[in-house]
Amino acid sequence: MTGPTVEQAIADYDRAAADLAPRYAGLGAERFIKRHQDLLPALPGPILDIGAGSGVHAAGLAELGYRVVAVEPSAGMRSEAARLFPDASIEWVDDRLPDLATVRARGERFGFILINAVWMHVPPADRDRACAALAALASPGAAVSMAVRQGPSPADRPMHDCDPDVISAEMAHHGFAEIARSTHSADLGTPGVTFVRLNFRYAAPAV
């Protein structure tokens, strides 16, 4: 079954950035940080936020003193994030799943990786490569938090289905053990939409 490419998803966010970014930013980061306080690494990190969007989570983490690298392929969303959080100490990188080639080329590993409402934009055929990219970026014992959308796609932003069980199995193949799972309503109250949050702990698979 075919569906939107990553490039098409990026174009969709470029068109909608001026509307979406302020809505996402308005949700704040306090609840997210409270849910993850036991998974965050010792200060100052580093932390990787993949698909950082409005920058709301990256800014909240940076305010706590973490060094945050925020990956966002949509120029429109990056521009909005800079406007919304002009004083946040965040390093923005133009990169994208499934390969994250620019970030991987740095040779850095991260103690916490956030992938919030992003996986539904990665075609299922590319998700094994995406998992491999995460494994190349995670430090031993790193925590990964991934929120995957359940329910219909917006008419103007088609998305791929995400089966949490399948995702968990794919991540396990690359050394990520699921440690927690929870279901939450959509923060913006989208009818029929929920998010399943999967938390993982990384241990390099045996060779």
**Complete:** How many residues of region 119-141 are under 15 Å from the mean Cα position of the chain (by Cα) and part of a strand (DSSP E or B)? The answer is 1
**Asked** Just a yes or no: is a residue in region 151-163 open to solvent by 40 Å² or more (accessible area, probe 1.4 Å), in contact (Cβ under 8 Å) with a residue 12 or more places away in the chain, on the phi < 0 side of the Ramachandran plot and in a helix (DSSP H, G or I)?
**Response** no
**Item:** Lone unmet requirement of (1) under 21 Å from residue 31 (Cβ atoms); (2) charged (D, E, K, R); (3) in contact with a helix residue (DSSP H, G or I) (Cβ under 6 Å, 6 or more places away or on another chain) for residue 104
**Value:** (1)
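Look through region 185-196, keep the residues that are closer than 16 Å to residue 119 by Cα and under 17 Å from the mean Cα position of the chain (by Cα), and return whichever of them is surrounded by the most Cβ atoms within 10 Å (Cβ to Cβ). Full working, then the answer.
Initial filter on region 185-196 (closer than 16 Å to residue 119 by Cα): 186, 193-196.
Filter once more, so that each one left must be under 17 Å from the mean Cα position of the chain (by Cα): 186, 194-196.
Numbers: 186: 15, 194: 13, 195: 21, 196: 19.
It comes out as 195.
Check whether at least one residue in region 164-173 is under 16 Å from the mean Cα position of the chain (by Cα), modelled with pLDDT of 90 or more and charged (D, E, K, R), and report yes or no. Don't jump to the end; show me each part of the working.
Within region 164-173, the first condition is being under 16 Å from the mean Cα position of the chain (by Cα), and the residues that meet it are 164, 167-168, 171.
Next, only the ones that are modelled with pLDDT of 90 or more stay: 164, 167-168, 171.
Then keep just the ones that are charged (D, E, K, R); that gives none.
Taking every residue of region 164-173 in turn, none turns out to be under 16 Å from the mean Cα position of the chain (by Cα), modelled with pLDDT of 90 or more and charged (D, E, K, R).
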**Prompt:** Would you pick out the residues in region 127-141 that are open to solvent by 40 Å² or more (accessible area, probe 1.4 Å) and either under 26 Å from residue 153 (Cα atoms) or of a type in the set (Ser, Thr, Tyr) (or both)?
**Reply:** 128, 129
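Take the conditions part of a helix (DSSP H, G or I) and either at positive phi or touching a helix residue (DSSP H, G or I) at 6+ places or on another chain (Cβ under 6 Å) (or both) and apply them to residue 10. Does it pass?
Values: part of a helix (DSSP H, G or I): yes; either at positive phi or touching a helix residue (DSSP H, G or I) at 6+ places or on another chain (Cβ under 6 Å) (or both): no.
No: the conditions fail for residue 10.
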**Request:** Could you run through region 14-54 and say how many residues are over 14 Å from residue 114 (Cβ atoms) and touching a Phe, Trp or Tyr at 6+ places or on another chain (Cβ under 6 Å)?
**Result:** 1
**Prompt:** How many residues does region 54-74 hold that are within 11 Å of residue 89 (Cβ to Cβ) and among the acidic types (Asp, Glu)?
**Reply:** 1
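The values are calculated or read from the model by the stated rules, or taken from the named source; none is laboratory data. Source: prediction; values computed, not measured. Positions of Cβ are generated from backbone atoms using ideal geometry, with glycine treated the same way; all protein chains shown enter the neighbour counts. Remember, those area values only see protein heavy atoms, side chains included, never the ligands or the DNA or RNA. Shrake-Rupley method; radii C 1.70, N 1.55, O 1.52, S 1.80 Å.
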